[in-house]
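The values are calculated or read from the model by the stated rules, or taken from the named source; none is laboratory data. Remember, it's a predicted structure, so these values are computed and weren't measured experimentally. When we count neighbours, we look across all protein chains shown, and the Cβ atoms used for this are built from the backbone with ideal geometry, even at glycine.
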Amino acid sequence: MLLDAAARRIDYLRISVTDRCNLRCRYCMPAAGVPEMGHGDVLRFEEIAAFVEVAAGEGIGSVRLTGGEPLARLGCPDLVRMLAVIPGVREVSLTTNGTLLPRYAMALRGAGLQRVNIGLPSLDATTYRHLTRGGNLDEALAGLDAALAHGFAPVKVNVVLLRGINDDPAPFVELTRRLPVEVRFIEYMPIGPESPGRYFVAASEVLDRLRELGPWEEVEALPGRGPAQHAFRLPGAPGRLACIAPVSDHFCRGCNRLRLTADGRLRLCLLSPREIDLKPALRPRPDAAALRALLQRAMTEKPRRMGDEADGFGRAMSQIGG
Ligand code: SAM
Ligand code: SF4
């Protein structure tokens, strides 16, 4: 079992499989994208699996693939299959923008993927295109349908809210009337191309607006490894809603995770540039003992709380994976 210096149990790993993306969401990436990692710098699937094998042996039982857009990397279902059979891995999940799910959902399910989170910032085609700088809402909705049709459970929908652009929760409330999804309204974090500034919407404000759209039943959030604990449901509705407040309500005390970047760095906190380079323990071939030692080092170096450092985040959100 991995315990860090603040006695937090670390049992969850988010793996960014690529820094590339087929969208350019305004809250995540600059319009021109970010400088791409060289192919040789990106970890091979065998290298990712070698690290997960060591991590799972130390108690990390839950892994989530993210990106960039993870499905933009060819062979993603092959990686899922490799990870799902590693002893100690209880769950493999995916965070995606959904647009490529119609093509890959069946293969992913067959490979052992259990859960899917879909980033879907608007249900209005024009607003979706604006927020994603060119994305097609129909493709994302087809991805949501594919996720439900292939039996992923739960399916969660991530909505980063921007004031004056997509801050009306009503269309998502309607979505929960129709579909068994958990919609999660997420505060816009100051990591990305520009500061949220006037676009920031606090979770408390969303909750006030939701109250007007009720009545609500309070329910437990659907299972997951993340920070949403409480959710709301319209009586009789198949879906539910939750708020995630990384800015107004730091949840560092309950942090259970590490992140692996596509270029092989163990990121110790989303909001800190502190990273440990795993490549020396992975190349020319994976060295399990060296990887285990780096994991232990991560336990001593993981920041106790966000905001310990004043030197920025080092990467855009798309290069970390959320
Ligand atoms: N491309 C996939 C997607 O869009 O879900 C996976 C990678 S993306 C970086 C992971 C998640 O990060 C997105 O679903 C989005 O909700 C979240 N995200 C991106 N930028 C954010 C920001 N500035 N603040 C809060 N969440 C953000
Ligand atoms: Fe791409 Fe996801 Fe970032 Fe949007 S949020 S630009 S889909 S990585």
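Would you pick out the residues in segment 165-185 that are out of contact with any Gly (no Cβ under 8 Å at 6 or more places or on another chain), surrounded by fewer than 20 Cβ atoms within 10 Å (Cβ to Cβ) and either within 14 Å of V206 (Cβ to Cβ) or among the hydrophobic types (A, V, I, L, M, F, W, C) (or both)? If the condition is that a residue be out of contact with any Gly (no Cβ under 8 Å at 6 or more places or on another chain), surrounded by fewer than 20 Cβ atoms within 10 Å (Cβ to Cβ) and either within 14 Å of V206 (Cβ to Cβ) or among the hydrophobic types (A, V, I, L, M, F, W, C) (or both), then I165, D167, D168, A170, P171 are the ones that fit. Identify all residues within segment 245-265 that are surrounded by fewer than 20 Cβ atoms within 10 Å (Cβ to Cβ) and of a type in the set (A, V, I, L, M, F, W, C); write none if there are none. Across segment 245-265, the qualifying residues are A245, V247, F251, C252. Within segment 58-68, one or more residues are away from ligand 1 (no atom under 16 Å from the Cβ), at pLDDT 95 or above and not small (G, A, S). One residue alone among A7, A31 is hydrophobic (A, V, I, L, M, F, W, C), on the phi > 0 side of the Ramachandran plot and either out of contact with any helix residue (DSSP H, G or I) (no Cβ under 8 Å at 6 or more places or on another chain) or surrounded by fewer than 16 Cβ atoms within 10 Å (Cβ to Cβ) (or both), and that residue is A7. Listed by first and then second residue, the pairs linking a residue in segment 53-75 that is on the phi > 0 side of the Ramachandran plot and touching a residue at least 40 places away in the same chain (Cβ under 8 Å) to a residue that is near ligand 2 (Cβ under 10 Å from one of its atoms) and part of a loop (DSSP other than H, G, I, E, B), with Cβ atoms under 6 Å apart and 6 or more places separating them unless they lie on different chains, are G68/T18; G68/D19; G68/R20; G68/C21. In a residue-by-residue description of segment 108-124, the property of being farther than 27 Å from R233 by Cα and surrounded by 24 or more Cβ atoms within 10 Å (Cβ to Cβ) applies to at least one position.
From the list V206, V157, the one residue that fits, being crowded, with 16+ Cβ neighbours inside 10 Å and within 16 Å of ligand 2 (Cβ to nearest atom), is V157. Scanning segment 14-72 for residues that are near ligand 2 (Cβ under 9 Å from one of its atoms), of a type in the set (A, V, I, L, M) and in contact with a Cys (Cβ under 9 Å, 6 or more places away or on another chain) returns M29, A72.
The residues listed here are R44, R24; of these, the one that is surrounded by fewer than 20 Cβ atoms within 10 Å (Cβ to Cβ) and under 17 Å from the mean Cα position of the chain (by Cα) is R24. Of the residues in segment 27-42, at least one is touching a Ser or Thr at 6+ places or on another chain (Cβ under 6 Å) and within 15 Å of ligand 1 (Cβ to nearest atom). The set of residues in segment 98-125 being touching a strand residue (DSSP E or B) at 6+ places or on another chain (Cβ under 7 Å) and under 12 Å from V159 (Cβ atoms) consists of N117, I118, G119, L120, P121.
What is the one condition in (1) under 19 Å from the mean Cα position of the chain (by Cα); (2) farther than 15 Å from R90 by Cβ; (3) surrounded by fewer than 19 Cβ atoms within 10 Å (Cβ to Cβ) that G61 does not satisfy? For G61, the exception is condition (2). None of L270, L258, L266 is within 30 Å of Y188 (Cβ to Cβ), hydrophobic (A, V, I, L, M, F, W, C) and within 16 Å of ligand 2 (Cβ to nearest atom) except L270. Can we say R129 is within 30 Å of E46 (Cβ to Cβ) and outside any loop (DSSP other than H, G, I, E, B)? Taking the combined requirement at face value, the residue does not satisfy it. Here A237 does not fit the description of being at pLDDT 95 or above, in a loop (DSSP other than H, G, I, E, B) and within 14 Å of ligand 1 (Cβ to nearest atom). For L268, the criteria (1) among the aliphatic types (A, V, I, L, M); (2) surrounded by fewer than 21 Cβ atoms within 10 Å (Cβ to Cβ); (3) touching a residue at least 24 places away in the same chain (Cβ under 8 Å); (4) more than 21 Å from S195 (Cα to Cα) hold in every case but one, which is (2).
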